[in-house]
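Accompanying notes for the structure given below.
The values are calculated or read from the model by the stated rules, or taken from the named source; none is laboratory data. On a predicted model such as this, the values are computed, not experimentally measured, just so you know. Using ideal geometry, Cβ is built from the backbone for each residue, glycine included, and neighbour counts are taken over all protein chains shown.
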Number of protein chains: 2
Amino acid sequence: MRTRFHQSLDLLKEKLLVMAGFAEQSIQRSIEAYRTRDTSLVELVRRSEPAINLLEREIDAAALDLLAMQQPMAVDLRFILSVIRINADLERVGDLAVNIAIRAREMTQMGEADLPVDIPKLGTLAAAMVRKAIEAFIDGDALLAERVLTLDTEVDEINRAAFRALSQRIKQKPADTPQALNAIMIARNLERVGDHATNIAEDVIFWVSGSDVRHSSAGVSMTVPEPLEERPPIH
Amino acid sequence: MRTRFHQSLDLLKEKLLVMAGFAEQSIQRSIEAYRTRDTSLVELVRRSEPAINLLEREIDAAALDLLAMQQPMAVDLRFILSVIRINADLERVGDLAVNIAIRAREMTQMGEADLPVDIPKLGTLAAAMVRKAIEAFIDGDALLAERVLTLDTEVDEINRAAFRALSQRIKQKPADTPQALNAIMIARNLERVGDHATNIAEDVIFWVSGSDVRHSSAGVSMTVPEPLEERPPIH
């Protein structure tokens, strides 16, 4: 039988999945707005931002309540801390979607330019990273989370190549400057979406294994000491 | 007399101040690298990144230990959670400093261009936001933290104006494209430093007052319910 505490943890997880759904949808809509030049999608992305922000506060408050009222140990404590961090990352993904959508709308007011960048491809990859990181969170799957980390290198490379190609285009065809600049900023925003997916994947690994893999090369992970009740306070 | 627990909280605070010192120094050095075209500063910024990353993990582990071994309530719990969040923001500020420094180094390999943007001014403002946010953290000063929030609007406006002026320059003088693009990216990074300072200021307000001011207009703040031990679990 699940205790009330564990039911509360389940509920917290469900709320975070709703949050993830909103964030992922916003990213997909913003890419679709870029691709189709459909400004009604921009409005949808903008309108969902307050809901995402409200949900972020609600999840944080629920996580805080659980920390305050219970004395979660080890894996449960790491779970709640991961939820707090993932929550912040998802909210930032929502912000980035708004940035992308607004840039996409600006581009509809400019002439069409055949730019040397495949934004939908980069966007699909970044959105897939978020989805996989959340799947890893749902299943507590550290292996899947590790795979998200390797995808980030790919996203970074596409973004760097986009920056080079678009800078080149600006020099060769100054008339394309406004469109190319907006595409550079959109690619940069998508690269940051990938960074947030990476953070989420690292939090999943931290939750499941107690390892802090941030800033370490793949395969080498720093281990955070498992907190033990009998250990003396740090001083 | 301070309890051992409160001594541990003091130590956590001290470590975070060291972290803040590193992050602020990196930003200042990166701006100086831009201003003086001195690539030895770029190396200094790059070399301090691993130290910042190591310290981030150390602070997180210490905060986690305190959460696991003690059962901090109300203000102490909020303090520890704020430290965890501020820690992540400072680490990102360090990353942004590295981005800026690398762009500054790239610019030294290009011809000098008299660009319509005052990067040192924007950088000084963004660094001041971080410093003030940390001062607010040191003194638990919610009023000073509120003032940081108002500075963010100014940083955003300078960044938007820089984007417009630099785009214009690219169109009018395509030869300046590489320098102008780098300046756009540096301004964008500094604007994000301001965002992180804003996050830190919001965390100070949350810690001191228990209010969650994120995403609310100035003066109107959402209140997170004070956790009470006797409240039933959420379900």
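A few comments on the model shown:
- Restricting attention to the stretch B:35-84, the residues being surrounded by 19 or more Cβ atoms within 10 Å (Cβ to Cβ) and at positive phi number 0.
- Restricting A:Leu55, A:Leu41, A:Leu66, A:Leu9 to residues that are more than 7 Å from chain B (Cβ to nearest Cβ), in contact (Cβ under 8 Å) with a residue 24 or more places away in the chain and within 16 Å of the chain's Cα centre (by Cα) narrows the list to A:Leu55.
- Qualifying positions in the stretch A:14-38 - among the small types (Gly, Ala, Ser) and either farther than 16 Å from A:Leu122 by Cβ or under 18 Å from the mean Cα position of the chain (by Cα) (or both): A:Ala20, A:Gly21, A:Ala23, A:Ser26, A:Ser30
- Residue identified as more than 10 Å from every other protein chain (Cβ to nearest Cβ) and assigned to a helix (DSSP H, G or I) among B:Arg131, B:Arg92: B:Arg131
- Residue in the stretch B:154-167 that is of a type in the set (A, V, I, L, M), crowded, with 18+ Cβ neighbours inside 10 Å, in a helix (DSSP H, G or I) and in contact with a Lys or Arg (Cβ under 6 Å, 6 or more places away or on another chain) present: no
- Criterion: over 26 Å from B:Glu91 (Cα atoms) and either among the aromatic types (Phe, Trp, Tyr) or in a loop (DSSP other than H, G, I, E, B) (or both) - qualifying residue of A:Ala113, A:Ala175: A:Ala113
- Residue, nearest to the other protein chains (Cβ to nearest Cβ), within the stretch B:69-89, restricted to residues that are outside any helix (DSSP H, G or I) and out of contact with any Asp or Glu (no Cβ under 9 Å at 6 or more places or on another chain): B:Gln71
- Any hit, the stretch B:128-138, residues being under 17 Å from B:Arg37 (Cβ atoms) and not hydroxyl-bearing (Ser, Thr, Tyr): no
- Assessment of the stretch B:49-68 against the conditions (among the basic types (Lys, Arg) and farther than 18 Å from B:Met185 by Cβ) yields at least one matching residue.
- Every pair of residues 6+ apart whose Cβ atoms lie under 7 Å, when the first sits in the stretch A:118-146 and is aromatic (Phe, Trp, Tyr) while the second is surrounded by 20 or more Cβ atoms within 10 Å (Cβ to Cβ): A:Phe137/A:Ile86; A:Phe137/A:Ile200; A:Phe137/A:Val204
- Residue list for the stretch A:117-169, restricted to those being under 18 Å from A:Gly94 (Cα atoms) and over 15 Å from the mean Cα position of the chain (by Cα): A:Ile119, A:Pro120
- Subset of the stretch B:97-139 [of a type in the set (Gly, Ala, Ser) and at pLDDT below 95]: B:Gly111, B:Ala113
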